[in-house]
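Accompanying notes for the structure given below.
The values are calculated or read from the model by the stated rules, or taken from the named source; none is laboratory data. Everything numeric here is computed off the predicted structure, so don't read it as measured data. Cβ atoms come from the backbone with ideal geometry, glycine included; neighbour counts cover every protein chain shown. When the accessible area is computed, the model is the full protein with side chains, heavy atoms only, and any ligands, DNA or RNA have been set aside. Shrake-Rupley method; radii C 1.70, N 1.55, O 1.52, S 1.80 Å.
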Amino acid sequence: MIWEWLPHDYLMAAVLAGLLTGVICGIAGAFIVTMHLAFLSVCIAHAAFAGALCAVWLGFPPLALALAFSLGAAAIVGPLAEQGDLSPDASIGIIFTLMIGLAFLFFGLAPEARATSLTLFWGSILTAGGTDITVLGVTAAMCLLLVGGFFKEIQAVVCHRETAMAAGVPAAVVTYGILFGTGAVIASSLPVIGGLLVYSLLINPAAAALQLTYSLRRMIVLSASFGVASCWVGLAASYFWDLPAGASIVIVSALIFAAAAGLSPKRRRWPSWKMRATKPA
Amino acid sequence: MSAALELRDVTVVRQNQLGLDGVSVHINAGEFVGVIGPNGAGKTTLLTAINGMCPLTRGSVRVGGRDPHGWGGHRVRAGIGYVPQLRRPDPRLPITVRESVMTGRLGQLGWLKRPGREDWRKVDEALNRVGVGELAARPLGQLSGGEYQRAAIARVLVQEPGVYLFDEPASSIDPQAQHDVIGLVQSLHRDTGATILYVTHDLPALPMAARRLLLLKDGRLWRDGPREALLEPREIRALYGFEAGVYPFDEGGGEGVVLRSRAAR
């Protein structure tokens, strides 16, 4: 077992946190990337970050307000982007800048808690505790349960929302489910990966997976695997070369994307549809 | 006759633009109705108002007596087959043609039910019927325009709705594919007796089976009547601003009209 040759207990906790974070960010990222909502996930990540800093200022547990802020951002940005009075880019951009402003406001209001606040910037996978892992575990279980139960609706909406809506799929419920789910994933990953880095773990592994398959099922599995690989390789690099863990994880995830883009059969000259695609039973 | 579709004083204003202006129309079950008019006349808005995807500013819509705009409108939409205008999807989309066509069954299946063997059989049958059975495992984004429209028709076939809405299904595709798509729509009406609304701005692409026409202009229902009365030079000129000769032909079960036009002076 991997645990047996891990020299310290804290590393075992970090490995477990990396596994769970990689899985949940990989799953949520697969939907976000396919729906072209990468910027929206950046916005929700900053909202979670602002919420966590607000909690530090008020003396609450960061997770509660991180979750509230990220869900609130998803609830505001979704309709703004949908109603079309503003372009989605503009409406998400406005909320994004507001969240950055709030984050720095709360950061400035709590000078005595600067160390805790900085941890929320970069994350601290090496200090992941029982609460962090429990929260990540519950989030992972819910993600797997929901994706398993509603895969056909999710696939229809993620790949062609208007078509799904026209066929009678409650597309708005599925879309908001994905947005709120992403908010929960980001909030629960925040203490481990940090507010400034969490969206790279959402986007890079999923974007890498999209380079390699035309099957959403396979894309989810690949994306989660790349997420876990990013966390574990980044963690190992951090341990052996004394590098910042969060930064190492992000850089590894970017390297995985570069490798996937280089090897992508979608960029080759022969008909790309000949790649293996899922044929449902 | 029973009304398949009933629109009363339907007005749609979106982003300060008038899409539809007080449109009232009653369409009986089993009718094949052509909707024509120039670009911007409100044809697409009419279809999306009917299937509940475009919010109404005023008025009401009933499809089989049910409101597609009310709470649970998605259940009404499950009984309306909508083929939108051709919009090419992202070529990297992670979904195959077969999986995409299955989307048509999902509204009827409901939450938590997985598609069964019978559902997949219907999907394969529909793909073969529209002539793209051999493309079932291909990624959706890798289809040509004509293939994509056939897949869209297969998707509404498996939905087995009582009402079909076609929005320019034969535009932006080559003449052979256009002929095939129009033939498919007409055979669908012949075989199932379903109610069909068929939108086009391209008169030669108007199926012969459309015996009743709605002429839209500036968001208003400008004329509503039989094809013979409305598809004639004076009406076409008033609608499009063109002098036009209309030459129906019926060659080999052919569909459409031929326009010879010169700009109105």
Give the residue that is nearest to B:Ala194 (Cα to Cα), with candidates limited to residues of the stretch B:33-50 that are in contact with a helix residue (DSSP H, G or I) (Cβ under 8 Å, 6 or more places away or on another chain) and surrounded by 24 or more Cβ atoms within 10 Å (Cβ to Cβ). B:Gly34
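So which of B:Leu221, B:Leu213 ends up being more than 14 Å from chain A (Cβ to nearest Cβ), open to solvent by less than 10 Å² (accessible area, probe 1.4 Å) and not acidic (Asp, Glu)? It would help to see each step written out before you state the result.
On the way: B:Leu221 fails: open to solvent by less than 10 Å² (accessible area, probe 1.4 Å).
Every option except B:Leu213 fails the conditions.
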For the stretch B:107-125, does any single residue satisfy the condition of being on the phi > 0 side of the Ramachandran plot and either assigned to a loop (DSSP other than H, G, I, E, B) or not assigned by TED's automatic domain parsing to the domain that holds B:Leu197 (or both)? yes
For B:Ala151, state whether it is within 26 Å of A:Lys266 (Cβ to Cβ) and either assigned by TED's automatic domain parsing to the domain that holds B:Ala194 or within 22 Å of the chain's Cα centre (by Cα) (or both). yes
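With the stretch B:14-84 as the region, which strands (runs of 3 or more DSSP E) entirely inside it contain at least 1 residues that are more than 16 Å from B:Leu214 (Cβ to Cβ)? First the steps, then the outcome.
Working: elements: B:17-28, B:32-36, B:58-63, B:80-83.
Where strands (runs of 3 or more DSSP E) fall fully within the stretch B:14-84 and carry at least 1 residues being more than 16 Å from B:Leu214 (Cβ to Cβ), they are B:17-28, B:58-63, B:80-83.
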Provide a single number: the residues in the stretch A:207-253 that are within 11 Å of A:Gly18 (Cα to Cα), of a type in the set (Val, Ile, Thr) and crowded, with 21+ Cβ neighbours inside 10 Å. 1
Looking only at the stretch A:138-161, count how many residues are open to solvent by 20 Å² or more (accessible area, probe 1.4 Å), part of a helix (DSSP H, G or I) and either aromatic (Phe, Trp, Tyr) or at the interface with another protein chain (Cβ under 7 Å from one of its Cβ atoms) (or both). 3
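Taking the stretch A:213-267 on its own, how many of its residues are β-branched (Val, Ile, Thr) and within 28 Å of B:Pro91 (Cβ to Cβ)?
4
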Residue satisfying all of: in the stretch B:127-145; open to solvent by 10 Å² or more (accessible area, probe 1.4 Å) and more than 9 Å from every other protein chain (Cβ to nearest Cβ); nearest to B:Ala177 (Cα to Cα) among these: B:Gly145
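Filter the stretch A:113-160 down to the residues that are aliphatic (A, V, I, L, M) and closer than 30 Å to B:Val101 by Cβ and list them by number. First the steps, then the outcome.
Applying the first criterion (aliphatic (A, V, I, L, M)) to the stretch A:113-160 yields A:113, A:115, A:118, A:120, A:125-126, A:128, A:133, A:135-136, A:138, A:140-142, A:144-147, A:154, A:156-158.
Listed by number, the residues that qualify are A:Leu144, A:Leu145, A:Leu146, A:Val147, A:Ile154, A:Ala156, A:Val157, A:Val158.
Got a sec? Which of B:Asp167, B:Asp174, B:Asp180 is assigned by TED's automatic domain parsing to the domain that holds B:Ala209, of a type in the set (D, E, K, R) and modelled with pLDDT of 90 or more? Explain how you work it out, then say what you get.
Values: B:Asp174 fails: modelled with pLDDT of 90 or more; B:Asp180 fails: modelled with pLDDT of 90 or more.
Criteria check complete, one pass: B:Asp167.
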Would you mind stating whether B:Asp202 is open to solvent by 10 Å² or more (accessible area, probe 1.4 Å), over 15 Å from the mean Cα position of the chain (by Cα) and of a type in the set (Asp, Glu)? no
If you check every pair at least six apart or on different chains, which have Cβ atoms under 9 Å apart with a residue in the stretch B:64-84 that is at the interface with chain A (Cβ under 9 Å from one of its Cβ atoms) first and a residue that is basic (Lys, Arg) and buried (at least 22 other Cβ atoms within 10 Å of the Cβ) second? B:Gly81/B:Arg155; B:Val83/B:Arg155
Looking only at the stretch B:87-114, which residues are open to solvent by 30 Å² or more (accessible area, probe 1.4 Å), more than 7 Å from chain A (Cβ to nearest Cβ) and either touching a strand residue (DSSP E or B) at 6+ places or on another chain (Cβ under 9 Å) or at pLDDT 90 or above (or both)? B:Pro91
